[in-house]
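The values are calculated or read from the model by the stated rules, or taken from the named source; none is laboratory data. From a predicted model like this one, the values you see are computed outputs, not experimental measurements. Cβ: placed from backbone, ideal geometry, glycine included. Neighbour counts: every protein chain shown.
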């Protein structure tokens with residue numbers, strides 16, 4: 001399988017078909033969770049044939065990654081105007097709370113599935129990981145410019161540390177998926193980046 005994102009035709013009918021499958025995917029994720037999404041159920045729900053679905057995506061994991069990633073990007077508001085460090089922490093907390101609590105841990109099932117499939121992993125990177133990183137970069141820059149985070153911090157590594165630690169904690173302990181635990185984990189990860197430590 002190719003690891004590139006499959007292009008969608010600019011034709012309105014193709015665009016509508018693509019969106020119908022994404023909408024059906026999100027509906028099924030809410031109703032039945034990750035395991036409840038199958039190509040056959042997506043076809044029945046969306047009215048799009050399985051053959052056409054496979055013309056748009058290489059796998060179920062790719063479809064779920066795109067649908068879930070787009071939903072997260074639309075749902076999560078980028079904070080701004082407040083304290084730069086608080087905005088950064090608040091966004092990380094909101095992102096992980098959305099995925100661990102509000103979405104019934106679909107994120108973790110998707111992460112595990114995509115780690116085993118290169119085509120799904122590419123869509124996961126494009127539609128979930130990439131947008132989160134793009135949002136975090138200016139938040140980090142603001143905190144560095146305000147003198148709250150060390151100027152020599154490698155931002156991409158810091159993002160991995162912050163999200164990685166919280167995700168590992170949540171995967172290790174299913175009972176830790178409350179907002180206060182997520183916030184404590186993220187604040188502990190961020191503490192090593194601060195200028196006053």
Could you please find all residues in region 177-197 being under 15 Å from residue 95 (Cα atoms) and modelled with pLDDT under 75? 177
Could you count how many residues in region 1-50 are free of Cβ contacts under 8 Å to residues at least 24 places away in the same chain and not in a helix (DSSP H, G or I)? 6
